[in-house]
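Input: a single structure, listed below in structure tokens.
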Amino acid sequence: MNAAPVSVPQASPGAACLAHKAAIDAAVARVLESGWYILGREGEAFEAEFAQWLGTARAVGCANGTDALALILRGLGIGPGDAVATVSHTAVATVAAIEMVGARAVLIDIDPVTFTMCPRDFAAALPRHLDLRAVIPVHLYGQAADLDAIIPPARARGLSVIEDCSQAHGASLGGRKLGTIGDAAAFSLYPTKPLAALGDGGVLATNAVELADRIAALRQYGWRERYVSDLVGVNSRLDELQAAILRARLPLLDAENARRGTIAAAYDLALSGTRFAPPARRANATHVFHQYVVRARDREASQAALRAQGIGTAVHYPVPVHLQPAYRGRIATGPAGCRETERAAREVLSLPMFPQLTNAQVETVCAALRSI
Ligand SMILES: Cc1ncc(COP(=O)(O)O)c(C=O)c1O
């Protein structure tokens with residue numbers, strides 16, 4: 001098959017890294033020469049700088065975003081016999097983390113406008129699942145879940161609120177940064193994320209200092225003191241190379257998010273009068289557009305038409321978690337099922353989005369959108 005070459009890729013982790021090559025090279029050289037490669041000064045400095053940027057008392061680095069969620073659950077003592085509510089329209093990692101600690105997931109449907117957890121379905125699920133211990137709202141695509149509506153019923157039932165911020169570094173709700181509103185928050189630092197390592201990485205944040213201390217021990221064999229396992233822990237460390245690279249990139253994040261916002265505004269304009277519905281913004285919130293996602297009823301045809309004009313697209317996510325082969329038939333969904341989740345999986349289409357897109361590339365995408 002001779003597909004047209006893509007002139008505008010949907011994502012480009014390489015472009016993001018090469019844009020900051022000198023700073024990344026310096027970070028790598030510093031670690032190489034330090035002779036210390038796991039849990040050292042770079043990791044400590046990254047945790048302090050990330051916590052300060054976010055506005056939490058503590059941040060703890062770990063191996064990836066899935067582990068960040070699982071470590072928070074472990075730190076809260078959630079495991080076998082417990083249930084955790086989240087959504088099915090997410091990276092499978094959110095659900096995998098719940099099962100990693102031996103808990104079971106209850107998957108709530110989404111609000112069709114924002115693609116995030118439907119607070120009504122969440123509230124309706126509460127009396128049906130008396131083993132629920134926590135809820136993980138996912139701030140999908142860079143936009144806040146409706147925490148103002150989710151947190152009060154969660155608190156009334158004594159549930160912990162864990163924000164999945166893996167796509168929402170720097171986004172906010174009501175003037176508060178996402179990741180500072182619940183009891184704890186997990187961030188993936190995977191290479192395509194708004195804040196990204198050059199490999200796997202994760203960080204979790206909380207204002208609960210005791211919880212952070214417990215998790216810091218859990219991520220390294222339960223050690224509080226070297227070779228003494230106070231707790232049954234795991235190995236989930238952020239290495240010094242990734243920490244140093246993340247330190248180089250963190251100061252650029254706010255400007256990069258602003259660039260994503262500029263690109264999103266250009267797409268919004270181009271979409272008016274077309275058959276695509278542009279993404280809705282929650283009122284009183286800042287969307288950081290990790291992904292710019294439209295609904296397209298004829299998704300395959302739209303993808304092909306854009307591809308013919310050299311525009312790459314992606315689908316986040318084509319199969320809801322509760323319909324994946326590994327989960328199908330054995331995972332609880334909300335009281336009304338996951339109808340909106342399943343419709344979203346058929347219709348969502350992610351347009352090119354990364355801060356290094358040039359104005360010319362953005363205009364190419366806009367012209368293609370107007371033309372189909
Ligand atoms: C919403 C969400 N949660 C969790 C994760 C897991 O992160 P990681 O791939 O770093 O384990 C991701 C990343 O893919 C994600 O997008």
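For the chain, the longest piece that avoids every one of the chymotrypsin sites (Phe, Trp or Tyr not before Pro) found in DSSP loops with at most 15 other C-beta atoms within 10 Å covers 38-226. The string of couplings for the stretch 136-145 from the Karplus curve (6.51, -1.76, 1.60, θ = phi - 60°) is 10, x, 9, 7, 6, 6, x, 10, 5, 6 Hz, one whole number per residue in order, with x for Gly and Pro. If a spin label sat at a point 7 angstrom from the Cα of L269 along the line to its beta carbon, the backbone N atoms of the stretch 352-366 nearer than 16 Å would be those of 358-366.
For a paramagnetic label modelled on S7 (point 7 Å from Cα along Cα→Cβ), amide N atoms under 15 Å away are absent within the stretch 257-299. Between the C-alpha center of the stretch 170-195 and that of the stretch 68-102 there is a gap of 17 Å.
Relative contact order for the chain: what percent, with Cα pairs under 8 Å and sequence separation of 6 or more? Intermediate values should be presented prior to the final figure.
On the way: 804 pairs, mean separation 93.1, N = 372.
With pairs under 8 Å counted, the relative contact order is 25 percent.
In a solvent-free Debye calculation with one equal scatterer on each Cα, what is log10 I(q)/I(0) for the stretch 1-59 at q = 0.20, 0.21 Å⁻¹, listed in the order of the q values? Debye output, listed in q order: -0.93, -0.96. Placing one equal scatterer on every Cα of the chain and applying the Debye formula, the log10 ratio I(q)/I(0) at q = 0.07, 0.15 Å⁻¹ is -0.30, -1.34. Relative to one another, the C-alpha centroids of the stretch 310-339 and the stretch 133-159 are positioned 20 Å apart.
Treating only the Cα positions of the stretch 116-245 as identical point scatterers, give the base-10 log of I(q)/I(0) from the Debye formula at each q in 0.19 Å⁻¹. For the stretch 116-245 at q = 0.19 Å⁻¹, log10 I(q)/I(0) is -1.12.
With a simple spin-label model that places each label point 7 Å from the Cα along the Cα-to-Cβ direction, the separation between L252 and V113 comes to 3.6 nm. With each label modelled as a point 7 angstrom along the Cα→C-beta vector, the A124-I38 pair spans 4.8 nm. Translational diffusion of the stretch 252-371 was estimated from the Stokes-Einstein equation, with Rh taken as the Kirkwood radius over Cα pairs; at 20 °C and 1.002 mPa s the coefficient is 136 µm²/s.
State the extension gain, in nm to one decimal, for the chain segment bounded by Q324 and R176, taking 0.36 nm per residue of separation less the distance between their alpha-carbons.
Working: separation 148, 0.36 × 148 = 53.28 nm, distance 3.45 nm.
Once the chain is fully extended between Q324 and R176, it gains 49.8 nm.
Only helices enter the 222 nm calculation for the chain: every DSSP H run of n ≥ 4 contributes -39,500 (n - 2.57), and dividing by all residues gives -11500 deg cm²/dmol, rounded to 500.
A short reminder: the numbers here are calculations on the coordinates, not readings from a lab. Bear in mind the structure is a predicted one, so any value in this text is a computation, not a measurement. Cβ: placed from backbone, ideal geometry, glycine included. Neighbour counts: every protein chain shown.
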